[in-house]
Each structure stands twice: as structure tokens, then as C-alpha cells.
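Encoded as C-alpha cells, the structure appears first; notes follow it.
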Amino acid sequence: MFVRRKALHYLRSRLAPDPPSLRIVFWDGQSYDFVDAPRATIRISSPTILKALVRGNFEELARAYVAGEIEAEGPISEVVDAGAGLAESLETLSFLARARGLARFIPFPRSRRKEAADAAYHYNLSNDFYRLWLDDRMIYSCAYFRSGREDIHTAQLQKLDHVCCKLMLRPGDSFLDVGCGWGGLLRWAARCYGARALGVTVSDRQFAYAREQFKAIGAGAAIEVRLDDFRDLKGMQFDKIASVGMYEHVGERNLSDYFRTVSKLLRPGGVFLNHGVVAGASVGRSSGPAGGGFIEKYVFPGGSISPLSRLMAEIPSAGLEIIDVEDLRPHYARTLRLWSQRLEERRDEATRLIGPERYRIWRAYLAGMAYAFERGWLSIAQILACKPLEGHSVSRPWTREYQYDLNPAPPMSGDISTHND
Ligand SMILES: C[S@@+](CC[C@H](N)C(=O)[O-])C[C@H]1O[C@@H](n2cnc3c(N)ncnc32)[C@H](O)[C@@H]1O
């Protein structure tokens with residue numbers, strides 16, 4: 001009783017300026033509302049968890065949530081809103097969390113085996129689970145909206161076109177998709193743009209699924225998928241390369257190596273699109289509260305994001321010329337919100353497929369990321385770059401119209417006709 005009274009007194013005073021729309025239900029069934037008619041409820045199963053809340057120890061709170069010792073009720077968007085409010089007001093990083101944060105900047109590379117295990121943890125979860133809430137083509141990256149009212153299937157198709165148009169993909173082009181997921185972009189690039197497409201993934205579930213799909217559509221030699229690390233494509237060169245939602249797995253310390261490898265894989269005159277999440281804070285993380293390292297620990301182990309400025313410095317250092325940069329933050333906020341809603345609708349099937357613990361993790365991750373993008377704590381950038389020809393700059397379209405429609409072929413800066421004007 002005493003612990004609870006003291007804890008509530010402390011929480012009330014700390015949260016007074018902006019109280020969360022939250023009810024806490026305690027282990028003995030008693031409850032406390034921070035506002036009238038709160039929209040979200042959390043149930044905490046022991047005084048230890050209440051102490052962790054008071055101390056702002058979100059690492060312990062994340063562990064307790066994953067273990068089911070904290071239960072969240074109400075719309076997940078409201079739960080996340082209340083949770084973020086608590087984190088913004090209360091978070092104090094434990095010594096351990098601080099040490100881990102600093103360790104990110106010390107160059108200890110992960111072994112290949114560890115990298116593969118980290119990726120498998122996320123992508124080998126269950127194809128059936130991902131099928132529940134991704135779009136029909138199983139695209140697992142930010143979609144592209146024209147009005148914001150499209151469903152996820154339409155918006156993902158628009159994204160595939162946006163990527164192919166930006167790359168100026170033409171019939172016969174050799175095309176590499178680095179981190180090809182379940183193969184949706186490869187199919188689109190080959191069937192709608194006539195590219196000879198090769199993709200690599202390190203997930204054997206994705207690899208098996210993509211191969212089945214290619215067989216089913218009779219793709220033949222036009223599309224190939226390999227269960228391979230992108231660093232193992234030695235000696236090959238491509239006209240066009242896309243990396244969509246993949247660089248985040250490379251890790252801070254391998255970023256220069258990643259761009260240099262991509263640059264070697266691109267033929268002179270070729271075009272590369274890097275699409276990925278960028279940090280809101282200059283230290284390479286979300287500019288919001290850290291949430292106890294929840295994403296790093298439970299969702300994307302070994303992953304990391306960089307500020308846009310770091311990518312903009314690394315790409316030219318790898319010998320590529322940046323020709324266009326587009327921020328897609330509202331697009332990813334919307335994509336994540338739709339994914340989160342779709343997962344909520346399939347709660348029972350999802351829990352059956354991956355178990356309650358993983359379900360809780362994915363539920364909080366999708367809703368939490370949607371919130372972070374809506375708040376502007378994270379963003380996402382498509383960076384388009386080309387590889388200069390020896391002694392020449394690469395010609396490019398005069399305007400950005402080609403990004404929305406490749407037909408007819410856009411006039412290029414190096415075209416004879418344009419020199420005659
Ligand atoms: C978020 S998914 C994006 C998938 C796909 N590009 C899409 O947009 O749907 C990241 C992908 O990167 C792949 N990946 C991660 N590390 C990789 C590596 N070292 N080499 C090749 N692929 C990798 C994963 O297997 C996964 O397919």
C-alpha cells in the first residue's frame with residue numbers, strides 16, 4: 001500500500017503538466033486514472049513493475065511487457081500514445097543501457113554468422129504470419145501514397161513503380177535487388193519493365209517463397225533469387241541496383257563497406273536507389289525516447305539507422321554521384337499504421353502462428369514505429385545515385401517527371417538533341 005501511495009504521488013507530480021490518457025490497474029485489482037475516462041489501460045502484475053515505472057526504467061518495462069507481466073488494453077494507438085508520454089516524462093537510462101548506447105560507436109564488427117542469425121530472427125518468423133498483414137505481394141517496406149486514401153495493396157504497387165521509374169528501368173537492363181524480401185520488386189521489375197532481375201536475401205523462408213512464386217508465374221531465366229549475402233556477389237555488375245529497407249541491417253560500422261560493395265556491383269553509368277529509415281537524432285537513433293532499446297533487443301537485433309547526413313557523405317565516398325533525394329516520412333507513417341491495423345484485425349491467427357510473446361512484440365513494434373514516424377522522430381529517405389563514367393558525368397533527365405511515368409523516355413541532360421537547342 002505504502003509503495004503504491006508513494007509511487008502514485010510521484011507519478012502524479014511528474015506527469016502533472018501533461019497527464020497521459022491512462023488507467024493503471026494494479027496486481028490486486030485496484031486502479032488509478034490519470035485523467036477522466038482514459039483511453040488506454042495497462043495492467044501491472046507486481047510492485048516491482050511499478051517501481052520500474054517510477055524509476056523510468058524502460059528496459060525493465062519492455063522486458064515485463066514482452067513476458068506478459070504488463071498487459072495493454074484499449075486501441076494499440078492509444079496505448080502507445082500513453083506509453084510514449086510516460087517515456088518522454090520519466091525515462092532515465094540505466095547504466096547498462098548507457099553503456100550499450102556507447103558501444104554502438106565502438107567498432108566491433110558482428111560476425112557473418114551473427115548477422116545471419118539476427119536477420120533470421122526477424123524474417124524467418126513465419127511466412128503465414130507476414131501474409132496476414134502485409135499486402136498481397138508481401139512488400140515489407142514503406143509504400144507510396146498519392147492521396148493517402150489508397151489501401152496497402154495499391155500503395156505498394158505505386159511504390160514498386162516509383163522505384164522502377166526512379167531507376168529508369170528499361171527492357172533488358174540487368175537489375176539487382178539487394179535484400180529482396182519475398183521477391184515482389186523482382187517480379188514487378190521483370191514483368192512490367194522487362195528487366196533481367198536478380199535478388200538476394202539472407203532469409204531461407206523468403207528465398208523458398210520467392211522461388212515458388214517465380215516458378216508459379218513461369219518466370220524462367222528472367223528472374224533469379226539467391227539465398228546469399230550481398231557481399232558474396234563478387235565479380236558481377238548490374239545496370240540498376242535497388243536496396244529497399246535493407247541498409248538498416250548492415251550496421252553503423254559496416255556502412256562504408258556496404259556502399260563500396262554496391263558501387264563495385266554497379267556498372268559505370270548505372271543507377272542505384274537506396275531506400276531506408278534515417279535517424280531523427282544526429283547520434284543515429286530516433287529523436288524520441290529510446291523506449292528501453294525495445295526495437296534493438298526484440299525486433300531488429302544488430303540493426304541500426306544513420307542520420308541522412310551520414311548516408312549523404314558515405315555514398316559519394318564510395319564513388320557514386322547523388323542525383324536525387326526524397327523524404328517519405330508521411331508515407332511510412334501511413335504504411336505502418338495500416339500494417340498495425342491489419343495485424344490487430346488478425347490477432348487470434350497471429351497469436352496462433354507465432355505465439356503470444358512474439359505477437360506482443362510485433363504489435364508494439366508496428367504501432368510504436370507508426371507513432372515515431374507520425375511524431376517525426378524517425379524518417380525515411382530514397383537516395384538516388386549514379387556511377388560516373390570515366391571522365392564524364394552521367395546524363396540524367398532534366399526534370400523529375402520521369403519519376404512518375406517513364407513513357408515516353410525522358411530527354412536526358414547528355415542527349416545530342418538537348419545540345420542542339
Ligand atoms: C525489411 S526487408 C525488405 C525486403 C524488400 N526489399 C521489400 O521491400 O519488401 C530486408 C531484407 O534485407 C535482407 N538482408 C538483410 N541483410 C542482408 C544481407 N547481408 N545480404 C542480403 N540481404 C540481406 C533480408 O533478408 C530481407 O529480405
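The values are calculated or read from the model by the stated rules, or taken from the named source; none is laboratory data. Computed from a predicted model, the values in this text were never measured in an experiment. Don't worry about glycine lacking a Cβ; one is built from the backbone with ideal geometry, like all the others, and counts go over all protein chains shown. We work out accessible area using only protein heavy atoms, side chains counted, and drop any ligands, DNA or RNA first. Shrake-Rupley method; radii C 1.70, N 1.55, O 1.52, S 1.80 Å.
Some notes on this structure:
- Note on region 32-56: residues that are out of contact with any Lys or Arg (no Cβ under 7 Å at 6 or more places or on another chain), modelled with pLDDT of 90 or more and part of a loop (DSSP other than H, G, I, E, B) total 7.
- For ALA222, the conditions (1) open to solvent by 30 Å² or more (accessible area, probe 1.4 Å); (2) within 13 Å of the ligand (Cβ to nearest atom); (3) of a type in the set (A, V, I, L, M, F, W, C) are fulfilled apart from (2).
- Being assigned to a helix (DSSP H, G or I), within 30 Å of MET312 (Cβ to Cβ) and out of contact with any helix residue (DSSP H, G or I) (no Cβ under 8 Å at 6 or more places or on another chain) is a property that LYS215 lacks.
- Some residue of region 355-373 being assigned to a helix (DSSP H, G or I), modelled with pLDDT of 95 or more and at positive phi: yes
- Taking the listed residues LEU160, LEU169, LEU176, the one that is open to solvent by less than 10 Å² (accessible area, probe 1.4 Å) and in a loop (DSSP other than H, G, I, E, B) is LEU169, with no other qualifying.
- Region 174-188, residues that are within 15 Å of VAL244 (Cα to Cα) and more than 12 Å from the ligand (Cβ to nearest atom): PHE175
- Considering region 229-243, the residues that are within 14 Å of the ligand (Cβ to nearest atom) and in contact with a Phe, Trp or Tyr (Cβ under 9 Å, 6 or more places away or on another chain) include one that is nearest to GLY269 (Cα to Cα), namely ILE241.
- Of the residues making up region 76-89, not a single one is at pLDDT 90 or above, outside any helix (DSSP H, G or I) and either under 26 Å from ARG342 (Cα atoms) or in the same structural domain as ARG375 (by TED's automatic domain parsing) (or both).
- The residues in region 198-217 that are touching a Lys or Arg at 6+ places or on another chain (Cβ under 8 Å), at pLDDT 95 or above and more than 9 Å from the ligand (Cβ to nearest atom) can be counted, and the count is 1.
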